[in-house]
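The structure appears below as structure tokens.
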Amino acid sequence: MERLPAYAPELNPVEYLWGYWKQHELPNFCPKTFGELSHGARQALRRIRRRPTPVTAFWKQAKLFE
């Protein structure tokens with residue numbers, strides 16, 4: 001058993017995905033409704049799913065993928 005810190009974003013690949021989204025996919029996106037936000041986020045997720053390189057890099061950076 002190993003003790004983990006209470007908050008360790010570097011161990012969570014989703015944190016890297018959010019960082020990528022904030023910097024590259026949604027920086028100038030200003031939705032007026034929740035529906036627009038949901039649609040924009042889903043479209044951004046679809047775009048990133050077609051590009052496996054960043055997704056693999058997020059896992060490698062979290063040291064969860066060799």
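The values are calculated or read from the model by the stated rules, or taken from the named source; none is laboratory data. This is a predicted model, so every value here is computed, not measured. Counting neighbours? That spans all protein chains shown, and the Cβs are built from the backbone with ideal geometry, glycine included.
Values as computed for the structure displayed
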{"quantity": "All positions within segment 1-43 that are among the basic types (K, R) and either surrounded by 13 or more Cβ atoms within 10 Å (Cβ to Cβ) or more than 20 Å from W59 (Cβ to Cβ) (or both)", "calculated": "R3, K32, R42"}
{"quantity": "Subset of segment 1-28 (residues that are at pLDDT 80 or above and over 10 Å from the mean Cα position of the chain (by Cα))", "calculated": "Q23, H24, P27, N28"}
{"quantity": "Filtered residues of segment 29-62 (kept if part of a loop (DSSP other than H, G, I, E, B) and at pLDDT 85 or above)", "calculated": "C30, P31, K32, T33"}
{"quantity": "Within segment 46-59, tally of residues that are surrounded by 13 or more Cβ atoms within 10 Å (Cβ to Cβ) and either among the aliphatic types (A, V, I, L, M) or free of Cβ contacts under 8 Å to residues at least 12 places away in the same chain (or both)", "calculated": "3"}
{"quantity": "In segment 1-13, the residues that are in contact (Cβ under 8 Å) with a residue 12 or more places away in the chain and touching a helix residue (DSSP H, G or I) at 6+ places or on another chain (Cβ under 9 Å)", "calculated": "E10, P13"}
